[in-house]
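Bear in mind these aren't lab numbers, they're just calculated from the coordinates by the rules spelled out. Values in this document were obtained by computation on a predicted structure and should not be read as measured data. Every residue, glycine as well, gets a Cβ built from its backbone with ideal geometry; the counts of neighbours run over all protein chains shown.
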Amino acid sequence: MAYQLIWSPTARLDLRDLLAYISEDDPLAARNFARGLFGAVERLAEFPESGRVVPEFGESTIREVIRRPCLIVYRVRSEVRQVEIVRVWHGARGKPEL
């Protein structure tokens, strides 16, 4: 049974800001990037532990997948079968706050 995907309010804002920034120069690139990012996120419903553990946080439930140039940071909540997308972070910005 697949895990439920949920987006934190912060992750939604991250994504909105990122897509707005990309679309300023190239709206088509923003749409294509969004498609790829959503594809990466949707796979997490079936494979929630497929991302690597983020060593900076020291918690096995905090993981990330990379959709260049961004890190998609998420939390696995196995007890309720949820994957919470916590941040969508540009890799050049360092470590995100959760």
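Size of the dipole of segment 25-95 about the Cα centre, Lys and Arg at +1 and Asp and Glu at -1 on the beta carbon, nothing else charged, in debye to 20? Before the final figure, lay out the partial values.
Numbers: 13 positive and 10 negative charges, 20 e Å.
So the magnitude is around 100 debye.
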query: What distance in nm separates the simple spin-label points at residue 60 and residue 77, each placed 7 Å from Cα in the Cβ direction?
result: 2.0
- request: Arrange the peptides 63-72, 17-26 so that the one whose residues have, on average, the most other Cβ atoms within 10 Å appears first.
  value: 63-72, 17-26
- prompt: Looking at 50, 34, 13, which one has the Cα that reaches farthest to the positive end of the dipole of segment 4-92 (charges on Cβ: Lys, Arg +1; Asp, Glu -1)?
  reply: 50
- line: Total charge of the residues flanking residue 24 in space, meaning their Cβ is under 15 Å from its Cβ, with Lys and Arg +1 and Asp and Glu -1, is -1
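Remind me, what semi-axes does segment 1-54 give for its equivalent ellipsoid, largest first in whole Å, using sqrt of 5 times each Cα gyration tensor eigenvalue? It would help to have the intermediate numbers written out before the result.
Details: eigenvalues 118, 32, 19 Å².
Gyration-tensor ellipsoid for segment 1-54: 24, 13, 10 Å.
For segment 4-92, which semi-axes, largest first and in whole Å, follow from the square roots of 5 times the eigenvalues of its Cα gyration tensor? Walk me through the numbers before you get to the answer.
On the way: eigenvalues 109, 35, 25 Å².
Output for segment 4-92: semi-axes of 23, 13, 11 Å.
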